[in-house]
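Read-outs: derived from the displayed coordinates by stated rules, not from any lab. Every value quoted in this text rests on a predicted model; they were computed, and no experiment measured them. Glycine gets a Cβ as well: all are built from the backbone with ideal geometry, and neighbour counts include every protein chain shown.
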Amino acid sequence: MKSAATLLSQPAQEVLNQAPALTGYNLFLSDKTLTQAITRAGADWANRQLSELGQILGSEEAQRWGFEANENEPVLYTHDRYGNRRDEVVFHPSWHNLMRTSVEHGLHNLPWLEMKSSAKRKGAQMVRAALMMMTAQNEAGHTCPISMTFSSPISPVNGRRGCCRPFTIPDFFPCRKRKACSWAWA
């Protein structure tokens, strides 16, 4: 008879029917249909950007961000320890990593920037759709604020009509100065 220590150090059974984790691949380059669609749209100018994001999202680290963001829900703090209104929502750092990655790769504004640029390259909407598709394969929850920002290319400034600016800010700015969120567009 085997000792308890020997039994505990051995696996209960050998698992043979599980595929290895799908990590370390490029979401863009591994999708032949997507790469062909980008070419057909005349948007080959974005291949480097798409490939870069595809490599990031296919990494084990970015996939872990998605799981952590979903396992750690945002926390609302309505009051500080003295009873004063605080109204702050704190998100897990992985959620911020996902948001930052999406903003750095233009998911929130790429076509609007292309419309403003002198080059006005063809296929910007298609490129943005491809970026969004790959991002949603990794983690879809953070794409809600990204897509809302994209859907609203003009934001009110000073709360008055006719005084607007496009959402073409290229960077993600975490801050704790605004009420009811722990991130904001600058």
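Using the 10 angstrom Cβ neighbour count as an exposure proxy, how do Val127, Val103, Val15 rank, fewest first?
With the sparsest Cβ surroundings first, the list reads Val15, Val103, Val127.
Let me make sure I get this right: for the stretch 47-112, a, b and c are the square roots of the gyration tensor eigenvalues over alpha carbons, sorted descending. Under 1.5 in a/c it's rounded, otherwise prolate if a/b > b/c, else oblate. Which is it?
Because a/c hits 1.5 or more and a/b fails to exceed b/c, the stretch 47-112 counts as oblate.
Between Tyr25 and Gln137, with labels modelled 7 Å along Cα→Cβ, what's the label distance in nm to one decimal, could you check?
About 0.8 nm separates the two model spin labels.
Loop only per DSSP, at most 12 neighbouring Cβ atoms within 10 Å: give me the trypsin sites (Lys or Arg not before Pro) in the stretch 36-116, ordered by residue number.
Arg81
Can you sort Ser117, Ser94 so the residue with the fewest Cβ neighbours within 10 Å comes first?
Listed from fewest to most nearby Cβ atoms, that is Ser117, Ser94.
Could you state, as a whole-number percent, how many of the C-alpha pairs of the stretch 84-155 are farther apart than 19 Å?
I get 40 percent for the Cα pairs in the stretch 84-155 exceeding 19 Å.
Hey, can you grab everything whose amide H is under 5 Å from the amide H of Arg86? Only 5+ residues off in sequence or another chain; H modelled, so Pro and N-termini drop out.
His79, Asp80
If the chain between Gln18 and Glu71 were fully stretched, how many nm would it gain, using 0.36 nm times the residue separation less the Cα-Cα distance?
Extra length available between Gln18 and Glu71 comes to 16.8 nm.
Let me test this: with uniform point scatterers at the alpha carbons of the stretch 5-94, what is the Debye-based log₁₀ I(q)/I(0) at q = 0.17 1/Å?
-0.88
Could you work out how much longer the chain between Ala37 and Ala119 gets when fully extended? Use 0.36 nm per residue separation minus the Cα distance between them, nm to one decimal.
27.4 nm
Ranking Tyr25, Tyr82 by Cβ neighbours within 10 Å, fewest first, what do you get?
Going from least to most buried by this count: Tyr82, Tyr25.
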